[in-house]
1. Kindly check whether there is at least one residue in segment 21-31 that is modelled with pLDDT of 85 or more, within 27 Å of the chain's Cα centre (by Cα), loosely packed, with under 14 Cβ neighbours inside 10 Å and not in a loop (DSSP other than H, G, I, E, B).
2. From the list 132, 108, which residue is outside the structural domain of residue 14 (by TED's automatic domain parsing), under 26 Å from residue 195 (Cβ atoms), modelled with pLDDT under 80 and out of contact with any strand residue (DSSP E or B) (no Cβ under 6 Å at 6 or more places or on another chain)?
3. Could you give every pair whose Cβ atoms fall below 6 Å, whose first residue belongs to segment 130-158 and is farther than 18 Å from residue 209 by Cα, and whose second residue is part of a helix (DSSP H, G or I) and modelled with pLDDT of 85 or more, counting only separations of at least 6 or pairs across chains?
4. Residue by residue through segment 184-212, note down the ones that are free of Cβ contacts under 8 Å to residues at least 40 places away in the same chain and under 10 Å from residue 121 (Cβ atoms).
């Protein structure tokens, strides 16, 4: 069973989904008021009918709660209803965010925020990373040129050791920053740009030293 938060106060559970027929089985829709469930809709089957988020429910029932009072109604006539859920929401694969376009990442972030999901970091991290990587290449190039242009004892071997050390430090810092951003410990933008900020300062220092 999978569940979706389709609105800040509505959660949907699905037992199974047929991709070919675009039908869901064992649908359960719970509506909340604060921390209390005020209504529960269950349907044996739900069929996707198209935009705007229209589903046809068959053989469904509705339970409503008012304090200790509970009302139950069973319906056998199919009904069309709007649920903020589409067939694309049932498709998951590894590294999905990496294969999305930047525009699709923005749409995914907006969609999840409209549903009341606070954690959209997976998509936001990928969007920030694409911009940060371009600056990373520029910064690391400046660092490499600054190191190569310095005359120090040890020659090429020392330059190579410095380059490998800085590269390893960058990878380590990037991993930690991405982990903190993913967990929400730090803002996503700060987490993804922190390595660039740190190594940008190193690049400026090396350039200033090279000029002397």
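1. The answer is yes, given that some residue of segment 21-31 is modelled with pLDDT of 85 or more, within 27 Å of the chain's Cα centre (by Cα), loosely packed, with under 14 Cβ neighbours inside 10 Å and not in a loop (DSSP other than H, G, I, E, B).
2. From the options 132, 108, the qualifying one is 108.
3. 132/192; 132/193; 132/196; 135/196; 136/196
4. Answer for segment 184-212, where residues must be free of Cβ contacts under 8 Å to residues at least 40 places away in the same chain and under 10 Å from residue 121 (Cβ atoms): just 187.
The values are calculated or read from the model by the stated rules, or taken from the named source; none is laboratory data. Since the structure is predicted, the reported quantities are computational estimates derived from the model, not experimental observations. Positions of Cβ are generated from backbone atoms using ideal geometry, with glycine treated the same way; all protein chains shown enter the neighbour counts.
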